[in-house]
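First up is the structure itself, then whatever we jot down about it.
The values are calculated or read from the model by the stated rules, or taken from the named source; none is laboratory data. Not measured: the values here are computed from a predicted model. Every residue, glycine as well, gets a Cβ built from its backbone with ideal geometry; the counts of neighbours run over all protein chains shown. SASA here: full protein model, heavy atoms, side chains in, ligands and nucleic acids out. Shrake-Rupley method; radii C 1.70, N 1.55, O 1.52, S 1.80 Å.
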Amino acid sequence: MRARTWASGQARTGDQTAEETVGGGDEVDSTSSTSSEACVAARLKELEGENVQLQEALRSHAVVDQAIGVVLALGGLTPHEGWDVLRTVSQRTNTKLRSVAELLIEWVRTKELRADIRTELERQLARIPAHRQADTL
């Protein structure tokens, strides 16, 4: 027999009454409500973690950009070449890129640079044609 929907949100088939699954009735399923809240809480936690990561990436990006500027000034390089030098120094000294960037920025202020970083930086800048390098190392 075919069900007929009444305004109350119930379906009636003959003498039987059944709650419709499409938004009918006043009862709230506490299991699905709790489940929804758990999903929202999990998503919120996920987004908060992502936000922290993005903030850290922005800070890191700024440090790396400043270090590229230092390398550009030293070698009279293009930004792409400066990036390549910074990346290669990081790889060849087995030092994280951000750490190399921080050391270079600090070097400008203190005039002190770790020996392995300085040696590799000089090596990389020596690969650039001499007429393009500034005489500041």
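Which order, highest average first, do 71-79, 121-129, 57-65 follow once you tally other Cβ atoms within 10 Å for each residue and take the mean per peptide? Before the final figure, lay out the partial values.
On the way: 71-79: 17.7, 121-129: 15.3, 57-65: 13.4.
The peptides rank, most packed first, as 71-79, 121-129, 57-65.
Starting with the highest mean, order 36-42, 88-94 by the number of other Cβ atoms within 10 Å, averaged over the residues of each peptide.
Details: 36-42: 10.1, 88-94: 16.6.
The most tightly packed comes first, giving 88-94, 36-42.
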>> At 1.4 Å probe size, what's the solvent-accessible area of Arg87? Round to the nearest 10 Å².
In response: 80 Å²
> To the nearest 10 square angstrom, how much accessible area does Lys45 have with a 1.4 angstrom probe?
Replying inline: 150 Å²
> Gly76's amide H: which non-local residues (gap 5+, or another chain) put their own amide H closer than 5 Å, with H modeled 1.01 Å from N in plane and none for Pro or chain starts?
Replying inline: Ala134
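Of all accessible surface on region 24-104 at a 1.4 Å probe, what whole percent is carbon and sulfur?
Working: 3000 of 5370 Å².
That fraction is 56 percent.
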